[in-house]
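The values are calculated or read from the model by the stated rules, or taken from the named source; none is laboratory data. Not measured: the values here are computed from a predicted model. FYI the Cβ positions are ideal-geometry reconstructions off the backbone, even for glycines, and counts take in every protein chain you see.
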């Protein structure tokens, strides 16, 4: 009987050690441990917290910096042709709105270098963040790429749009959800 207890303890300790090694590995690679979020992440729910590493550099993107104004969050990846196609249109609308609406691009489940290259090639100047494992995207129920989230001041999630948007469609959704015209 003691042999069974010892085997269970060995398995338990093995699980603890494996978990510690996995956590250390994620931290060393800048994995999802750097991503933090809280709230009711569905349409009509409230985004309370969001912290992500910046796409470039060692900074942190914190939702608190955007909480007082409308926010457009656009998930993108270099492997997504529709993402690549829509990013210049997002930049166009971002420039037209001149800060009345905040924009945040989030690279998800992509290589950091590939996403940095994409942002540069498409001319994006709004803030960008990095979600290496796609944890925040998954928490929102991400169903396809690209995905755009419209967050009202105070954090209410007004809409989650799956699929590409051109500048006219994006401007229309911003007007519909935020009452702000480009």
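The criterion of at least 1 residues that are surrounded by fewer than 22 Cβ atoms within 10 Å (Cβ to Cβ) is met, among strands (runs of 3 or more DSSP E) falling completely within the stretch 32-89, by 36-39, 47-53, 60-62. Among the residues making up the stretch 142-182, those that are over 20 Å from residue 80 (Cα atoms) and part of a helix (DSSP H, G or I) are 168, 171, 172, 173, 174, 175, 176, 177, 178. Inclusion of residue 138 among residues that are touching a residue at least 40 places away in the same chain (Cβ under 8 Å) and either surrounded by fewer than 18 Cβ atoms within 10 Å (Cβ to Cβ) or not in a loop (DSSP other than H, G, I, E, B) (or both) is not warranted. Taken together, 23, 92 contain a single residue that is surrounded by 12 or more Cβ atoms within 10 Å (Cβ to Cβ), more than 17 Å from the chain's Cα centre (by Cα), assigned to a helix (DSSP H, G or I) and modelled with pLDDT of 95 or more, which is 92. Can you spot a residue in the stretch 98-118 that is part of a helix (DSSP H, G or I) and closer than 21 Å to residue 167 by Cβ? Yes, there is a match, as at least one residue in the stretch 98-118 is part of a helix (DSSP H, G or I) and closer than 21 Å to residue 167 by Cβ.
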